[in-house]
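Okay, so here's the structure we're looking at.
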Amino acid sequence: MKERESWIDSWKGFLIFLVVLGHVTGMMCHFSAGEARGMMRYLYRFIYLFHMPAFFLLVGVLSGLKFKVQGLRSGAPQIRSFVWRKFQRLLVPYFFWGVVSVVIFLATTAVTARMGGSATDGYYGARMFDFPWWRPFVSLLHAGFWPNGEGFRCNSVLWFLPCMFGVLVARNAIQRFTPQTPNASKTQALFLAILCLILGGGLRLYVGPLPWCLDRVPRFLAFVYLGELIASLPTPKRPNVGTSKLLPLGWLVFALGVIYFPDLAAAYSSWTWYFAEAGMALLGGVLSMGLAKVVDCRLLAGLGVASLGIMLIHKFPILAVQGIVGRIGGLEGWTVGCLAIGLAVAVTVLSWGAVKVIRKWTPWCVGGNV
C-alpha cells in the first residue's frame with residue numbers, strides 16, 4: 001500500500017464538502033419557503049443520514065487496508081504517546097477554535113444588544129442571551145453536552161473533535177486486548193461492530209447526551225470496525241465497469257430510502273428506527289467510498305488533505321453569510337438550490353485557502369501539517 005492513497009483523500013474531500021453543504025442547507029431551510037424549503041429539508045436529511053458516520057467508516061477502511069498489506073499488526077501504540085498525539089491533533093484545535101467562537105459570539109451579541117436588537121437577532125442570539133457569559137467557556141470543558149440538555153455548544157461542528165478523540169482512544173484500548181491476526185480480524189470486527197452498535201443504541205435511547213460525546217462514541221466506533229471489515233473483503237483496488245454501473249442504482253436506492261425515513265429525530269424514538277438509520281448510514285458511507293474511487297481527482301484529494309482544517313473553519317463564513325440571507329428570507333424556486341450549492345462551493349474554497357495560510361504560521365491550531 002502506498003504511503004497515501006489518493007482515493008482515500010478524495011473520499012475525505014467529498015465528505016468534507018458534504019459537511020459544508022449540510023450546514024448551508026440547514027441554514028437555507030430557515031430562510032426558504034414553499035417547495036424550496038421541502039427540497040432543502042430533503043437534501044439536509046440526505047446528507048445527515050450518512051456523512052458523519054462515513055468519516056468513521058473511512059478511519060476503519062484505512063486501518064483495515066494497512067492491516068491487509070502488513071498481514072500482522074505490531075500491536076497498539078503505547079497509550080500515553082497515542083493519547084498525547086491525538087490530543088495535539090484533535091483537542092488543541094478544539095479548545096483554540098472553541099474559545100475563538102465564544103469570544104466572537106459574545107462580542108456580536110453585545111453589539112446587537114447595544115444597538116437595540118432583540119435576543120433573537122444574529123446566530124445563536126437567543127441562546128447567548130439566555131446563558132450567563134461564562135457558561136459557554138465552561139461548556140467547552142465538557143464539549144457542550146450534558147444530561148437534560150444543559151450544555152451550550154457555541155460552534156456546533158466542534159463536537160466532532162472530542163468524539164473522534166474518544167473513538168480513537170477507545171479503539172486503541174480495545175486493540176491491546178484483542179487478537180491481531182488476519183484470521184481473527186473479520187470475526188472480531190463484526191462482533192465488535194454489533195456490540196458497539198447495541199451499546200450506542202442503549203445510550204442514545206435511554207440515556208441521552210453525555211459530556212465529551214461519550215454517548216456517541218460506541219455508535220461511531222461500530223462504523224470504524226465496519227470499515228475494517230469492509231477493507232478485509234477481497235475487492236479490487238480500482239472499480240471495474242460493473243461496480244461503476246451499480247453506483248447510480250445504489251444512490252437511487254439510498255435517495256428513495258431518504259424519502260421514507262420520516263425524520264432524523266426518529267432514530268431517537270425506537271430500536272427499529274435506530275438500526276434503520278445505522279443501515280442507511282452504512283449504505284451511504286459505502287456508496288460514498290465507491291464514488292471516491294470512481295471520481296478520484298486532485299481537487300477532491302486536496303480538500304481531503306485539508307479536511308480537518310476546513311471542518312474547523314468553515315462555520316465562520318457561513319455565519320457571516322447567514323446575516324445576509326436572513327435579511328432576504330422567503331426564498332423560493334430552484335434558485336434556492338443553486339444558491340445553496342454556490343455558497344457551499346465558495347465557503348469550501350475560502351476555508352481551504354484559509355487552512356493553507358494558517359498552516360504556514362500556526363499549523364498546531366488546524367491539527368498540524370498532515
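Just checking, does segment 266-278 include any residue being farther than 25 Å from SER156 by Cβ, touching a residue at least 40 places away in the same chain (Cβ under 8 Å) and open to solvent by 50 Å² or more (accessible area, probe 1.4 Å)?
Yes: segment 266-278 contains one or more residues that are farther than 25 Å from SER156 by Cβ, touching a residue at least 40 places away in the same chain (Cβ under 8 Å) and open to solvent by 50 Å² or more (accessible area, probe 1.4 Å).
Between a first residue in segment 226-239 that is more than 14 Å from LEU287 (Cβ to Cβ) and a second residue that is basic (Lys, Arg) and at pLDDT 75 or above, which pairs have beta carbons less than 8 Å apart while being 6 or more apart in sequence or on different chains?
Sorted first by the residue in segment 226-239, then by its partner, the pairs are LEU229/LYS186; SER232/LYS186; ARG238/LYS293.
Got at least one residue in segment 282-304 being touching a strand residue (DSSP E or B) at 6+ places or on another chain (Cβ under 7 Å) and open to solvent by less than 70 Å² (accessible area, probe 1.4 Å)?
No, the conditions are met nowhere in segment 282-304.
Of the numbered conditions (1) modelled with pLDDT of 60 or more; (2) at positive phi, LEU106 satisfies every one except a single condition; which is it?
(2)
Which condition from (1) at pLDDT below 90; (2) within 18 Å of MET40 (Cα to Cα); (3) surrounded by 14 or more Cβ atoms within 10 Å (Cβ to Cβ) is the one that VAL258 breaks?
Looking at each condition in turn, VAL258 falls short on (1).
Looking at GLY116, GLY125, can you tell me which residue is modelled with pLDDT under 85, on the phi > 0 side of the Ramachandran plot and out of contact with any Asp or Glu (no Cβ under 8 Å at 6 or more places or on another chain)?
None of the other options fit; the residue is GLY116.
Under 6 Å between Cβ atoms, at least 6 apart or on separate chains: pull out the pairs that start in segment 349-370 with a residue that is touching a residue at least 40 places away in the same chain (Cβ under 8 Å) and end on any residue that is loosely packed, with under 15 Cβ neighbours inside 10 Å.
Hits for this filter: ARG359/ASN369.
Select from segment 335-353 the residues that are within 23 Å of LEU91 (Cα to Cα) and open to solvent by 30 Å² or more (accessible area, probe 1.4 Å) and list them in ascending order.
Hit for segment 335-353 is TRP352, nothing else.
If you go through segment 204-234 one residue at a time, how many are more than 18 Å from the chain's Cα centre (by Cα) and at pLDDT 95 or above?
Number satisfying all stated conditions: 0.
Given the criteria surrounded by 19 or more Cβ atoms within 10 Å (Cβ to Cβ) and of a type outside the set (S, T, N, Q), does GLY367 qualify?
So GLY367 passes the test.
Enumerate the helices (runs of 4 or more DSSP H) found wholly within segment 28-94, keeping only those where 2 or more residues are at pLDDT below 80.
Ranges flagged: 51-70.
The values are calculated or read from the model by the stated rules, or taken from the named source; none is laboratory data. For clarity, every value in this text was computed on a predicted model and none was experimentally measured. Every residue, glycine among them, receives a Cβ derived from its backbone with ideal geometry; neighbour counts consider all protein chains shown. For accessibility, only protein heavy atoms count, side chains too; no ligands or nucleic acids. Shrake-Rupley method; radii C 1.70, N 1.55, O 1.52, S 1.80 Å.
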